[in-house]
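The values are calculated or read from the model by the stated rules, or taken from the named source; none is laboratory data. Keep in mind that what you see is a predicted model, and the values were worked out from it rather than measured. Note that each Cβ is placed from the backbone with ideal geometry, even for glycine, and that neighbours are counted across all protein chains shown. To get the accessible areas, we keep the full protein, side chains included, count just its heavy atoms, and leave off ligands, DNA and RNA. Shrake-Rupley method; radii C 1.70, N 1.55, O 1.52, S 1.80 Å.
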Amino acid sequence: VASGNQTMVTEFLFSMFLHPQRGGLSFFIPLLLIYGFILTGNLIMFIVIQLDMALHTPMYFFISVLSFLEICYTTTTIPKMLSCLISEQKSISVAGCLLQMYFFHSLGITEGCVLTAMAIDRYIAICNPLRYPTIMTPKLCIQLTVGSCFCGFLLVLPEIAWIATLPFCGSNQIHQIFCDFTPVLSLACTDTSLVVIVDAIHAVEIVASFLVIALSYIRIILVILGMHSTEGRHKAFSTCAAHLTVFLLFFGSVAVMYLRFSATYSVFWDTAIAVTFVILAPFFNPIIYSLRNKDMKEAIGRLFHYQKRAS
């Protein structure tokens, strides 16, 4: 669309997909299989936790919420990546880009809040076990989940609304595998120095969640080390190790990507970091919480055994 002497951008092109090579299909097939595993694995976990009464505890409630969020989170980006890999259409409309950014970051922040709630849950369960049943009630679990959703979906709204008012002209190539704040803002043909304030807000969000989780687990580890029962120590460490792995994988890559301020990475490292928290973290979630979890494996076994008997 022409405006004066400038051509206003109506769609963005993903530069990472603009030069299809013969091996394009070799990226499409693994990504499709990974996406299928993410959907199937997290959906099985969600259904099993809802149906198995033995898993109706606060810890598994939050795991089921996390599984549902992972399905939504990956669906905001991976289907478009798959489309770009095999289709001639390598573009996304400005409105579509804004929607992708909004849901991607809203769900990401919500997931970070849920991981924080999970750390608090484990802290109370291990450090204050006698009061745990009266503190972590089903009502509180629902309130924490709803609060996480409100936090995620409201915090990003002002930023998206501001970006929607910016004019885009000149180059329309996004140097990333999905729409993200920094690559999109770099294409605006106006002053975007306000982004420093936005970066600071993101930094506070990430650091606050990180500190709550880190301090919770430091205290948890100290309590576990003081346990007299070897079996109790092993079980507590096993449970917390799963949470810590997911936490480090998710927050580690997010921190590297969004706590850099003026620092810049090469396109390769930008993409590699993005792949870590967009694809790899959701991929490992069902593996960490099911294959390495005795209760979850037994519940999955009971569900499939019941289905066989019913048929």
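Heavy-atom accessible area per residue, the chain, 1.4 Å probe: how many Å²?
Here the per-residue accessible area is 52 Å².
Can you give me the relative contact order of the chain as a percent, contacts being Cα pairs under 8 Å and 6 or more apart?
26
For the chain, with only Lys/Arg (+1) and Asp/Glu (-1) charged at the beta-carbon, what is the dipole magnitude about the Cα centre, in debye rounded to 20?
That gives a dipole near 1080 debye.
Provide the net charge surrounding Val48, with neighbours chosen by a C-beta distance below 12 Å and charges set as Lys +1, Arg +1, Asp -1, Glu -1.
Summing Lys and Arg as +1 and Asp and Glu as -1 gives -1.
For Leu154 and His234, what is the calculated FRET efficiency with R₀ set at 41 Å and r taken between the beta-carbons, to the nearest 0.05?
0.50
Roughly how many Å² of Arg131 are accessible to a 1.4 Å probe, to the nearest 10?
Only protein atoms counted, so the area is about 140 Å².
Where Lys and Arg each count +1 and Asp and Glu each count -1, what net charge lies around Cys179 among other residues with Cβ under 15 Å from its Cβ?
Net of charged neighbours comes to -2.
Once fully extended, how much extra length lies between Phe268 and Ile197, figured as 0.36 nm per residue of separation less the alpha-carbon to alpha-carbon distance?
Extra length available between Phe268 and Ile197 comes to 22.9 nm.
Which number gives the lysine pairs in the chain that have C-alpha atoms under 18 Å apart and are eight or more places apart or on different chains? If you can, show how the numbers build up before the last one.
Values: Lys80/Lys90; Lys235/Lys294; Lys235/Lys297; Lys297/Lys308.
Eligible lysine pairs with Cα atoms under 18 Å apart amount to 4.
Would you mind counting up the charge near Ile126? Only other residues with Cβ under 15 Å from its Cβ, with Lys and Arg at +1 and Asp and Glu at -1.
Details: positive: Arg122, Arg131, Arg219, Arg233, Lys235; negative: Asp121, Glu231.
Summing Lys and Arg as +1 and Asp and Glu as -1 gives +3.
Tell me, what % of the accessible area of the chain is carbon and sulfur with a 1.4 angstrom probe?
69
Multiply the residue separation of Ala161 and His175 by 0.36 nm, subtract the distance between their alpha-carbon atoms, and state the gained length in nm to one decimal.
Here the answer is 2.8 nm.
Considering the dipole of the chain built from charges on the beta carbon (Lys and Arg +1, Asp and Glu -1) around the Cα centre, which of Ile142, Ser93, Ala241 is farthest to its positive end?
In the chain, that residue is Ala241.
Under a Cβ-Cβ limit of 4.7 Å, which cysteines in the chain have nobody to pair with?
For the chain, the answer is Cys72, Cys84, Cys113, Cys127, Cys141, Cys149, Cys151, Cys240, because their Cβ atoms have no other cysteine Cβ under 4.7 Å.
Consider the candidate values [x] 19.1, 67; [y] 18.6, 56; [z] 21.6, 76; state which one is Rg and Dmax of the Cα atoms in Å computed from the structure displayed.
The value matching this structure is [z].
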